[in-house]
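Below is one structure, written out as C-alpha cells; the observations come after it.
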Amino acid sequence: MAAADLARIADVDIDSDGVFKYVLIRVHSAPPSEAPTGESKEIVRGYKWAEYHADIYDKVSGEIQKKGYSCECLGGGRISHQSQDKKIHVYGYSMGYGRAQHSIS
C-alpha cells in the first residue's frame, strides 16, 4: 500500500450536530515494522451512538484492517459540533486511551 492509498481514507468523519465522543487514530500504510518510510496519517472519528471511546475505535479499526492497513488509537475526547453556526469545540479525554492531541484533531 502506498501513501497515495492513505489519501482515500477520509481525514474526518463526525456527526453533524451535538456533543459526542471521538478518537484520534493513526493509520499506517503497512504494519509499523514494515513501513520504513513511516507512511501514516491521522484520522478523527466521532459519533453520538458511541457509549465508550473503545466502541468507536473497535468499529473503525476493523474497517481499516479489512482494507489492509494497520492503526493505533492516539487518544480521545469529546466534540461539541454546531454545524449551523460552523462551530466545533474539542475537549476532554478518554479514560481508556488518554487525551488526544486536540490541536491535531
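The values are calculated or read from the model by the stated rules, or taken from the named source; none is laboratory data. Keep in mind the model is a prediction, meaning the values are calculated, not measured. Neighbour counts are summed over all protein chains in view; Cβ atoms, including those assigned to glycine, are modelled from backbone coordinates with ideal geometry. Only protein heavy atoms, including side chains, enter the accessible area calculation; ligands, DNA and RNA are left aside. Shrake-Rupley method; radii C 1.70, N 1.55, O 1.52, S 1.80 Å.
Here are a few things to note about the model shown:
- Lysine pairs in region 2-91 whose alpha-carbon atoms fall under 15 angstrom of each other, counting only those eight or more residues apart or on distinct chains, come to 5.
- Using the empirical formula 2.2 N^0.38 Å as the baseline, the Cα radius of gyration of the chain reaches a ratio of 1.07.
- Probe 1.4 Å - accessible area at V19, Å² to nearest ten: 80
- Within-13-Å neighbourhood charge of L74 [Cβ basis; K, R +1; D, E -1]: +2
- Since only H81, L6, G68 are under comparison, the one whose Cα sits farthest along the positive direction of the charge dipole of the chain, derived from C-beta charges on Lys, Arg, Asp and Glu, is H81.
- Rolling a 1.4 Å probe over the heavy atoms of the protein chains gives the chain an accessible area of 59 Å² per residue.
- For the chain, excluding the exposed loop sites themselves (chymotrypsin sites (Phe, Trp or Tyr not before Pro), DSSP loop, at most 16 other Cβ atoms within 10 Å), the longest remaining stretch covers 1-48.
- Sites excluded, trypsin sites (Lys or Arg not before Pro) in DSSP loops with at most 10 other C-beta within 10 Å, longest stretch of the chain: 9-85
- Seen from W49, the other residues with C-beta closer than 10 Å to its C-beta sum to a net charge of 0, counting Lys and Arg as +1 and Asp and Glu as -1.
- In the context of the full protein assembly, H89 retains an accessible surface of approximately 100 Å², using a probe radius of 1.4 Å and ignoring ligands and nucleic acids.
- The charge dipole of region 2-91, taken about the Cα centre with unit charges on the Cβ atoms of Lys, Arg (+1) and Asp, Glu (-1), comes to about 140 debye, rounded to the nearest 20.
- Rounded percent of accessible protein surface that carbon and sulfur make up, the chain, 1.4 Å probe: 49
- Folded to 0 to 90 degrees: helix 53-66 orientation relative to the chain principal axis, Cα: 30
- Ordered by 1.4 Å accessible area with all protein chains kept, D55, D11, D5 run largest first as D11, D55, D5.
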